[in-house]
Amino acid sequence: AVSSAKMFSGFANGITMADQWRLTTAFTGNAEPISSNLERNDTQFSVIGTGMTESSGIFSFPSTGIYLIRFFQGFQFKDGNALFRGGRIKYTTNNSSYNDLAGILRNGLDEGYDTRSIEAIIDVTDTSNIKVRFDTVSASTNDRTLGSSTMNETCMTFIRLGDT
């Protein structure tokens, strides 16, 4: 058997940055981006390293590197006739115009609750210009994106995987 000390001795560092944010209050309709009622996860977790900076729904990276980004959405469907519901991770390379990085839209006629999980890996070579945001979209203005200040119903996770 290989000891864990020998197995991991080749790593200079573990994860040097991990951060998680969440939506604290549910809202109805679209948000492009989700720009208010966001907080850093403060339940059973503390940021590792220097975390993300958020301003009006725009997230800035603390350092260059390769990052894993996860976006988890909780939904309450109130309009059974809505044509689509979903979310997107969008990014900019010029601190201005945003493009899709990852997303999912789902058709559905049912009312009730559902979740979306979206993730992407991004190479952040310039912390001044490369930023991300999170959008939620629905064909119905009655659908709700769920939020809570005590648990993750809609949340954004950032993990720095390594150097760029």
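The values are calculated or read from the model by the stated rules, or taken from the named source; none is laboratory data. What you see is a predicted model; the values in this text were computed from it and never measured. Glycine also receives a Cβ, built like all others from the backbone with ideal geometry; neighbour counts cover every protein chain displayed. These area figures cover heavy atoms from the full protein model, side chains too; ligands, DNA and RNA do not enter into them. Shrake-Rupley method; radii C 1.70, N 1.55, O 1.52, S 1.80 Å.
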- Restricted to the range 61-89, and to residues that are under 19 Å from residue 33 (Cα atoms) and at pLDDT below 85, which residue is most open to solvent (accessible area, probe 1.4 Å)? 84
- Message: Checking the structure you have, find out if any residue of the range 49-67 is farther than 29 Å from residue 163 by Cα, in contact with a strand residue (DSSP E or B) (Cβ under 7 Å, 6 or more places away or on another chain) and assigned to a strand (DSSP E or B).
- Response: no
- Message: Criterion first (within 17 Å of residue 35 (Cα to Cα), under 17 Å from the mean Cα position of the chain (by Cα) and not basic (Lys, Arg)) does residue 115 satisfy it?
- Response: no
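Taking residue 92, is it hydroxyl-bearing (Ser, Thr, Tyr), at pLDDT 95 or above, within 18 Å of residue 31 (Cβ to Cβ) and open to solvent by less than 40 Å² (accessible area, probe 1.4 Å)?
yes
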- Note on the structure: Taking the range 137-161 and the residues there that are in a strand (DSSP E or B) and at pLDDT 95 or above, the one that is farthest from the chain's Cα centre (by Cα) would be 161
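Considering each of 157, 141, 145, 164 in turn, give the residue that is open to solvent by less than 10 Å² (accessible area, probe 1.4 Å) and either touching a strand residue (DSSP E or B) at 6+ places or on another chain (Cβ under 8 Å) or among the acidic types (Asp, Glu) (or both).
Working: 157 fails: open to solvent by less than 10 Å² (accessible area, probe 1.4 Å); 141 fails: open to solvent by less than 10 Å² (accessible area, probe 1.4 Å); 164 fails: open to solvent by less than 10 Å² (accessible area, probe 1.4 Å).
On inspection, the qualifying residue turns out to be 145.
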- For residues in the range 124-136 being closer than 21 Å to residue 20 by Cβ and not aromatic (Phe, Trp, Tyr), which is farthest from the chain's Cα centre (by Cα)? 127
